[in-house]
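Here's the structure, in structure tokens; my notes come after.
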Amino acid sequence: MPLRVGLLTAAHLHVGGYAAACKHHPDVELIGMWDDQPERGKGFSEPRGIPFIAGFDELMANVDAVVITSENMRHCELALKAAAAGKHILCEKPLAATEEHGAQILEAAEKAGVKLMTAFPCRFSPAFQLLKARVANNEIGSIRAICATNRGRCPFGWFVEPALSGGGSMIDHVVHVTDLLRDLLGEEPVRVQAQIGNNVYGQDWEDTAMLTIEFESGIFATLDSSWSRPSSYHTWGDVTMNVVGEHGVIELDMFGQSVQRYAAGELTHTSNGYGTDLDAAMVDDFVRACLDDRPVKVNGFDGMQAARVAIAGYKSVQTGQPVAVSA
């Protein structure tokens, strides 16, 4: 029997990748999409041949699992409803933008006995897996520090409305790399110092964010999580890590595989990336976990630990001091 999956809103930009991964997975039946904004939902689903289902309860009655791709501050509401209906959950990052929401989501999923996976496709990157293997093989000795980035274009829309997003570039981009750092080091972040600014667009929301994250062992990482790429930039953004060890350095450019095209008489150029479909790899892990009743690779606790770094970052900005990360 295939896993019957429903999509909960077309709000997030990543819904396209997850929908495609579900449609092409041999063990998934993509039942349809629900959206509280029907025009938005239909605008996404109908051109892709995905049924739009107007009633939330109707969709819940016909699926085994859901993919939540709503605005950040609505993750909690939708996750609680899905858990109450006994549906497995793949939730877009950040899992939650507040401690309260995160606690509610984790408790609801545990009480209902459903799978809860946080959408961190970067965990499935072959480049990152190779980095982990080389660190585990002690190729550069003990890690001393890490310089990382997750810079991108500003998505605008609800992403720059804190009531819906929970913040700006810091809540949007800190979590991906934080999750990679936790997985690479095998330890938890304990302290964060952050600075933010509106240096690119000059609006009320932050478009630039720089963090220093300290881990249990004393290793620290710096992270640029800014919306600093203009709309004309050749890629949407990046995920990079410069891992400094006692005997050497390993550099990761996760999305560096691309072909650039420049043509005479054109003001812009095209960039075509290639390599592993990380969304498909992540969705496959979720599907296999649900069908085979095994743990997901990136669970709700992982998602919340990453979100806590961004939450602590905002507290650091308010106090001007380093802030402990909540356990």
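The values are calculated or read from the model by the stated rules, or taken from the named source; none is laboratory data. Here the structure is a predicted model, which is why all the values come from computation and not from measurement. Positions of Cβ are backbone-derived with ideal geometry, glycine not excepted, and every protein chain shown enters the neighbour counts.
Within the set 285, 293, the sole residue that is outside the structural domain of residue 26 (by TED's automatic domain parsing), on the phi > 0 side of the Ramachandran plot, of a type in the set (D, E, K, R) and at pLDDT 95 or above turns out to be 293.
Would you check which residues across region 57-99 are of a type outside the set (Lys, Arg) and under 14 Å from residue 32 (Cβ atoms) and list them?
Step one: filter region 57-99 for residues of a type outside the set (Lys, Arg), giving 57-73, 75-80, 82-86, 88-92, 94-99.
Correct list: 57, 58, 59, 60, 61, 62, 63, 64, 65, 66, 67, 69.
Within region 127-172, the residues that satisfy the criterion of being without any contact (Cβ under 8 Å) to a residue 60 or more places away in the chain and hydrophobic (A, V, I, L, M, F, W, C) are 130, 133, 136, 156, 159, 160. Pairing each residue of region 184-198 that is within 10 Å of residue 321 (Cα to Cα) with any residue that is among the aromatic types (Phe, Trp, Tyr), provided the two are 6+ apart or on different chains, yields C-beta distances under 8 Å for 194/314.
Comparison of 93, 115, 111 shows that the only residue that is among the charged types (D, E, K, R), without any contact (Cβ under 8 Å) to a residue 60 or more places away in the chain and either surrounded by 18 or more Cβ atoms within 10 Å (Cβ to Cβ) or not assigned by TED's automatic domain parsing to the domain that holds residue 186 (or both) is 111.
Would you mind stating whether residue 28 is of a type outside the set (S, T, N, Q), buried (at least 24 other Cβ atoms within 10 Å of the Cβ), under 17 Å from residue 282 (Cα atoms) and in contact (Cβ under 8 Å) with a residue 24 or more places away in the chain? So residue 28 does not fit the description; no.
Anything in region 54-81 that is over 21 Å from residue 21 (Cα atoms) and more than 20 Å from the chain's Cα centre (by Cα)? List them, or say none. Matches in region 54-81: 54, 55, 56, 57, 58, 61, 81. None of 229, 182, 191 is within 19 Å of residue 254 (Cβ to Cβ), modelled with pLDDT of 95 or more and of a type in the set (Lys, Arg) except 182.
Looking at region 11-19, can you tell me whether even one residue there is outside the structural domain of residue 176 (by TED's automatic domain parsing), of a type in the set (A, V, I, L, M, F, W, C) and in a loop (DSSP other than H, G, I, E, B)?
Initially, region 11-19 is screened for residues outside the structural domain of residue 176 (by TED's automatic domain parsing), giving 11-19.
Cutting the leftovers down to of a type in the set (A, V, I, L, M, F, W, C) gives us 11, 13, 15, 19.
If we keep only those that are in a loop (DSSP other than H, G, I, E, B) as well, we get 11, 13.
Yes, because at least one residue in region 11-19 is outside the structural domain of residue 176 (by TED's automatic domain parsing), of a type in the set (A, V, I, L, M, F, W, C) and in a loop (DSSP other than H, G, I, E, B).
Taking region 43-81 as the range and being assigned to a helix (DSSP H, G or I), in contact (Cβ under 8 Å) with a residue 40 or more places away in the chain, closer than 22 Å to residue 279 by Cα and in contact with a helix residue (DSSP H, G or I) (Cβ under 7 Å, 6 or more places away or on another chain) as the test, only 72 passes.
Counting only strands (runs of 3 or more DSSP E) that sit completely within region 210-327, those holding 1 or more residues that are in contact with a Ser or Thr (Cβ under 9 Å, 6 or more places away or on another chain), surrounded by 16 or more Cβ atoms within 10 Å (Cβ to Cβ) and not acidic (Asp, Glu) correspond to 220-224, 240-245, 249-253. Which one is nearest to residue 145 (Cα to Cα), of the residues in region 177-189 that are touching a Ser or Thr at 6+ places or on another chain (Cβ under 9 Å) and surrounded by fewer than 24 Cβ atoms within 10 Å (Cβ to Cβ)? Once the filter is applied, the top-ranked residue is 185. In region 82-101, which residue that is more than 20 Å from residue 288 (Cβ to Cβ), among the small types (Gly, Ala, Ser) and in a loop (DSSP other than H, G, I, E, B) is farthest from the chain's Cα centre (by Cα)? Once the filter is applied, the top-ranked residue is 85. When we screen 159, 120 for residues that are modelled with pLDDT of 95 or more and either in contact with a strand residue (DSSP E or B) (Cβ under 7 Å, 6 or more places away or on another chain) or more than 21 Å from residue 189 (Cα to Cα) (or both), the only hit is 159. Residues of region 271-300 that are aliphatic (A, V, I, L, M) and farther than 18 Å from residue 14 by Cα: 289, 291, 296.
Of all residues being more than 17 Å from the chain's Cα centre (by Cα) and assigned to a helix (DSSP H, G or I) in region 107-125, which is nearest to residue 256 (Cα to Cα)? Just the residue, please. It comes out as 109.
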